[in-house]
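The numbers here are math on the coordinates, done by the rules we state, and not lab data. Worth saying up front: this structure is predicted, and the values here are computed from it rather than measured. We place every Cβ from the backbone using ideal geometry, glycine too, and count neighbours over all the protein chains shown.
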Amino acid sequence: MEILTFREWSENFVKVIFDLEGGVEIKSFNKTILKVKTPKIVNGLLEEQSKMLLKHYTDNFDKIQSQYQELLNEVI
């Protein structure tokens, strides 16, 4: 099984979407892994995006790896 590194994930498989009402949504493989309107989290993503993304990568590691494996299986 291939392991998806944080760098590969953050560069190719994650989207950070800020909405006009002050919220943020993090999508991985087009599935939402975080959706908040908490100013602290939104500001954290604006100021230290890589640290916040790394936290969500580690918190959701098993889920992200299984999504990556599904993607590989579809391609093969």
Between Glu47, Glu21, Glu11, find the one with the highest GNM mean-square fluctuation for the chain; connect C-alpha pairs within less than 10 Å. Glu21
From the residues Leu4, Gly23, Gln69, which one has its Cα farthest along the dipole of the chain in the positive direction, the dipole being from +1 and -1 charges on Cβ of Lys/Arg and Asp/Glu about the Cα centre? Gly23
Given R₀ = 25 Å, FRET efficiency for Glu25-Ser66 by Cβ-Cβ distance, to 0.05? 0.75
Taking 0.36 nm per intervening residue step and subtracting the Cα-Cα distance, what contour gain separates Ile17 from Thr32 on full extension? 4.4 nm
Using the Cα centre of the chain as the reference point, and only Cβ charges (+1 on K/R, -1 on D/E), how large is the resulting charge dipole? Debye, rounded to the nearest 20. 240 debye
Taking Cα Rg over 2.2 N^0.38 Å straight from the coordinates, which label in (i) 1.14; (ii) 1.74; (iii) 1.29 is the correct one? (i)
